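The values are calculated or read from the model by the stated rules, or taken from the named source; none is laboratory data. Treat the numbers as computed from the prediction; the structure is a model and nothing was measured. Quick reminder, even Gly has a Cβ in these numbers, built from the backbone with ideal geometry, and neighbours come from all protein chains shown.
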């Protein structure tokens, strides 16, 4: 009986470790492989033989690891060179995998990781190497094509929705309120910012405006919209994606947020800080707050979606099953069969197709004004944030376990 | 049978509404007052007769209100003028209270609210007005004297500890990590930043350094400390209070963080942004991230401490009992009777003493180097974050109810 290895790559999410545990537990049941190895720090660590035996870790530790945010096997941002230009890395990697008697390689990641899976699978096929390469999707950005959504996104959306609701309440306590701007991640796509439409009070969305990279940002229209809403209701709550851009495709955060400190450093203040300043400049209020959620939105396990955790777990489990069927060069996707009741399955798609594509937020889910999303978007998001995990606690904080410390 | 009124003032917390519900429910049991009125937007709203009858609100709505963050009756930052200079406001207020047949006035707030309670109580005594004035403490800053701690602080500490743990994991995934700086609130005192010492992984605090306003900040020592730790372990995790200052008492955020944008606006980048820039300037790493928790730390009910919620509730309940005993000009305090098992009671203290004092983080709980806290501090914090509330959900986000919309 041979072994397999699983590793993580790219930016962390709250649920990336659940995919590892899903695969590990499926192997305990199916006994497809003798050992499940964990590659620390992705391809980069594996090339340094930084490999641990996950099969021998205690069940208790694995249970904590399953509900630990961020990449508990460590990560990397390492892209394999093109095979035509350099085959050395490929040879080194295959040599190491053979050394450990590994016949299946699983990579949990986004576009770049799927590129790695596609390249390695092609190399193995061309050289008659009996190792299969399977990708497991992961990204809070939700921008992978050929999958309804990505593990990691639902938990980020739940955190964004929850904190939008809470900061809206915080921003609404005075007789004279001001303007609050919440900035989400999403450099290229608006999925994260759009997900804030799920935050409602008495059935009504708390956000007045939502700005996405997919709708060209117009400063004049923005200021008119905000001023008018402020005059009507004495407060305005705005959600903005870090990646909004103007009609010529230039990032707002690049060409306008730059200022210099006294040392001459160029500062990127973030797009919310830029919007804060142009509102102040317009002069209709002096009360403007901006808040960047930053990395909190990708690591807040304490506010994770159990649906997301379960799907990440199942994607890992399915990857093992597909490997045992001899598949390679594929990614496990999530396919939404039904919205109510919410139901999904996990078909395979080509890793190469995923690697070279970006899934944008649908234009038809953005209102005509370009400053909010439609009810269809809200229906898409709502099932993804269902239920909360039952976390283990230690001294009243979540008990987390990682392997890369 | 006469009536009473309760109102909220100052910055919001996660648990300020629990104090209102504690008082309301105590009155349902004890029937001290016929009606419990809610003053919307504190003194400012009451002076505009912005008053609702909380006794007639459904139990279901009150239950949701209890677990809703931020000031659900609205707030104000309104300080009564000194009686000597102007008695008009006092007369107007008493007239309105008499109109509603109110004989007890409860104010949930911090120093300024206790100043209001002291002034109104004095005015009532001097003029033989049979209305009692009782304060209920509230502030995430934990800087009120004559109370072991303040309602609101435990939940803020729990959120800070939880997110410190999670962002630490997020900042530790690569082979080459960098420096992460988490900025908490606390303009004058270090309680919030210090509370991050409770965040531990495998029993060891995740923070390398904690900087508080109570320990003079030295830029040269800071850079030496961070550089040395970075060379040892390839990553450094720093907690900093927004209010740190140098040996001459000047705020670091005031004299060094200022830069100007292209419109000439002065920007206060926050102290974490300043630290990020001086580390970059020192040149030993290019990977430095700074994150301000901002208002999240005072409104994150989804991560609240149940101990904190219960104590806020009990403080409201005790306020009603003390009023029925004829007390006035006092604040309900929290007195820690025992740490293990954790036990408190709620004695009265003079509102005036609280109003004119600030409780600093104890110097003896700061290490000699001025860059961390002692185990005694950790023991003080740990009981305050116990247990999580059982929140009601609606469409998988917390169901919140406020009265000031």
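So which of B:38, B:22, B:11 is in a loop (DSSP other than H, G, I, E, B), more than 26 Å from residue B:126 (Cβ to Cβ) and in the same structural domain as residue B:122 (by TED's automatic domain parsing)? When all the criteria are applied, what remains is B:11. Looking only at residues of the range A:123-179 that are within 29 Å of residue A:335 (Cα to Cα) and out of contact with any helix residue (DSSP H, G or I) (no Cβ under 8 Å at 6 or more places or on another chain), we find that the one that is surrounded by the fewest Cβ atoms within 10 Å (Cβ to Cβ) is A:125. Counting the residues of the range B:1-48 that are more than 25 Å from the chain's Cα centre (by Cα) and farther than 12 Å from residue B:316 by Cβ gives 13.
Residue A:360 passes every criterion in (1) touching a residue at least 24 places away in the same chain (Cβ under 8 Å); (2) not in a loop (DSSP other than H, G, I, E, B) apart from (2).
Only a single item in (1) surrounded by fewer than 20 Cβ atoms within 10 Å (Cβ to Cβ); (2) assigned to a loop (DSSP other than H, G, I, E, B); (3) modelled with pLDDT of 95 or more is not met by residue A:352, and it is number (2).
Examine the range B:289-307 for a residue that is at pLDDT 95 or above, away from chain A (no Cβ under 11 Å) and surrounded by fewer than 23 Cβ atoms within 10 Å (Cβ to Cβ), and state whether such a residue exists. No. Restricting attention to the range B:381-398, the residues that are surrounded by fewer than 16 Cβ atoms within 10 Å (Cβ to Cβ), more than 8 Å from every other protein chain (Cβ to nearest Cβ) and in contact (Cβ under 8 Å) with a residue 12 or more places away in the chain add up to 1.
Would you confirm, using the coordinates I've provided, whether residue A:73 is touching a residue at least 40 places away in the same chain (Cβ under 8 Å), buried (at least 24 other Cβ atoms within 10 Å of the Cβ) and either over 25 Å from the mean Cα position of the chain (by Cα) or assigned by TED's automatic domain parsing to the domain that holds residue A:294 (or both)? Taking the combined requirement at face value, the residue does not satisfy it.
Somewhere in the range B:312-322, is a residue under 21 Å from residue B:141 (Cβ atoms), in contact (Cβ under 8 Å) with a residue 24 or more places away in the chain and within 14 Å of another protein chain (Cβ to nearest Cβ)? The answer is no, given that none of the residues of the range B:312-322 is under 21 Å from residue B:141 (Cβ atoms), in contact (Cβ under 8 Å) with a residue 24 or more places away in the chain and within 14 Å of another protein chain (Cβ to nearest Cβ).
Restricting the range B:52-84 to residues that are in contact with a strand residue (DSSP E or B) (Cβ under 8 Å, 6 or more places away or on another chain) and away from every other protein chain (no Cβ under 14 Å) leaves a set whose member that is modelled with the lowest pLDDT is B:55.
Only one of the numbered conditions (1) in a loop (DSSP other than H, G, I, E, B); (2) closer than 30 Å to residue A:402 by Cα is violated by residue B:142, and that is (2).
Residue selection: residue A:338 satisfies the criterion of being out of contact with any helix residue (DSSP H, G or I) (no Cβ under 7 Å at 6 or more places or on another chain) and either modelled with pLDDT of 95 or more or not in a loop (DSSP other than H, G, I, E, B) (or both).
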